[in-house]
Amino acid sequence: MPSVSDLHSIGELARASGLTVSALRFYDSAGVLEPALVDPVTGYRWYTDEQIAPARLVAGLRRIGMPVPEIAAAVRAEPAAVHRLLDTHLRRLVDGLADARREVTRLRALVDPAQPSSTTLLLSPADLAAALDAVRFAVGADPEVPMLSGVLLDVEPDGVRLVATDRFRLALARSRADVDGPPVRVFVPVALVDQLRPLLDAADAWPVSLTVAGADLRVLVADRTLTGTALPYDFPDYRRLLRKAVGERPTARRITVDVATLRAALADPAAPTVARDHDGTAREVTVLGVDDQGELRLLPAADLDSDALRVGVDGGYLLDALNAAGAPQLVLELDGPISPLALRRPDDADTYSVLMPIRL
């Protein structure tokens, strides 16, 4: 054990790290940064030279608002893991800033409703078409749930995120855009989406112009003008849904699949399914598992008694997601029978879909 003469007092570490003495006491009590020695008589805390760098790391992570459990993990992690924690926190900050900007826009309209702001987007027809194709399959079609019968356009400073869900699946994509005006969220009815989509194939001239002014929508594409009214519903907080459904899942198995091969296997009349009662309805469930070589396979009922990784989904929904992906390969994330199945494009982090599991 080092002698006190070789150690730094808590005040010295505070000056060297940028943390206050009270913060160092807190991080000691939280088990994040414990002193090398605590004098049993005086209770004074003492630290080694090697603890200065971790203390500076803690100070920096504290300044950017990283939660204490993640700070504790970062102090003990290898550099690659720390980078992953930083990436996760940065995404959280970006999402929070986008939410704050939207709330400020809403508050401005609340303070001065006579001056509605407008936002105009200029988009590539091809980019917008690809994004619509990636999410259209997940639009809700239940007339009893009209608040899901459209596509959310979540406008950001440099583009627009498209989101659709019918409660059983969630699809996201993104299109680049030149944005003039404040960030805004607008819930576009599916009828307007379906009017717009075929026009994009014939629109070889860039750009498509989309203007949002309150609930009023106006789209200029080629020589056509489409108008409509945004749906008057609050779309679910998809970011919260994503964090809850998939988030950062270190235990998930990521399996690259050939889309054409998996599509053919699902469409095969002999494809194995498992009969299950789901919400009072008899369902034929497609069960995905992993073989000894780490490849995806469709599991029959006889193989469900083991502890092997598996997840049950609606086979038709899975086919829809494969058809909408627009890529020859996808990465499937499996994380057990009660966790959602995520389908991601390996070349596009912004385009993916999530299927809710069916309990086996």
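The values are calculated or read from the model by the stated rules, or taken from the named source; none is laboratory data. Remember, predicted model here, so these are calculated numbers, not experimental data. Every residue, glycine as well, gets a Cβ built from its backbone with ideal geometry; the counts of neighbours run over all protein chains shown. With ligands, DNA and RNA removed, areas are computed over all heavy atoms of the protein, side chains included. Shrake-Rupley method; radii C 1.70, N 1.55, O 1.52, S 1.80 Å.
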Given the condition at pLDDT 90 or above and among the polar types (S, T, N, Q), answer yes or no: does some residue in region 216-227 qualify? yes
Only one of 186, 155, 163 is under 22 Å from residue 352 (Cα atoms), hydrophobic (A, V, I, L, M, F, W, C) and touching a Pro at 6+ places or on another chain (Cβ under 6 Å); which? 155
Here are 212, 219: which of them is without any contact (Cβ under 8 Å) to a residue 60 or more places away in the chain, closer than 19 Å to residue 119 by Cβ and crowded, with 16+ Cβ neighbours inside 10 Å? 219
Would you confirm whether any residue within region 286-302 is more than 21 Å from residue 166 (Cβ to Cβ) and touching a Pro at 6+ places or on another chain (Cβ under 6 Å)? yes
Of everything in region 166-187, what is open to solvent by 50 Å² or more (accessible area, probe 1.4 Å) and under 14 Å from residue 231 (Cβ atoms)? Give them in sequence order. 185
Region 44-97, residues that are closer than 24 Å to residue 8 by Cβ, in a helix (DSSP H, G or I) and polar (S, T, N, Q): 51
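Residue-by-condition table, conditions (1) within 23 Å of residue 322 (Cα to Cα); (2) not hydrophobic (A, V, I, L, M, F, W, C):
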| residue | (1), (2) |
| --- | --- |
| 160 | yes, no |
| 179 | no, no |
| 189 | no, yes |
| 195 | no, yes |
| 199 | no, no |
| 212 | no, no |
Could you say whether any residue in region 55-64 is out of contact with any Pro (no Cβ under 6 Å at 6 or more places or on another chain), in contact (Cβ under 8 Å) with a residue 40 or more places away in the chain and open to solvent by 50 Å² or more (accessible area, probe 1.4 Å)? yes
Residues to consider are 151, 190, 163; find the one that is open to solvent by less than 20 Å² (accessible area, probe 1.4 Å) and farther than 22 Å from residue 93 by Cβ. 151
Take the residues of region 251-290 that are among the aliphatic types (A, V, I, L, M) and open to solvent by 70 Å² or more (accessible area, probe 1.4 Å): which is farthest from the chain's Cα centre (by Cα)? 270
List every residue pair whose Cβ atoms lie under 6 Å apart, where the two residues are 6 or more positions apart in sequence or sit on different chains, the first residue falls within region 20-41 and is within 18 Å of residue 6 (Cβ to Cβ), and the second residue, located anywhere, is assigned to a helix (DSSP H, G or I) and open to solvent by 20 Å² or more (accessible area, probe 1.4 Å). 34/28
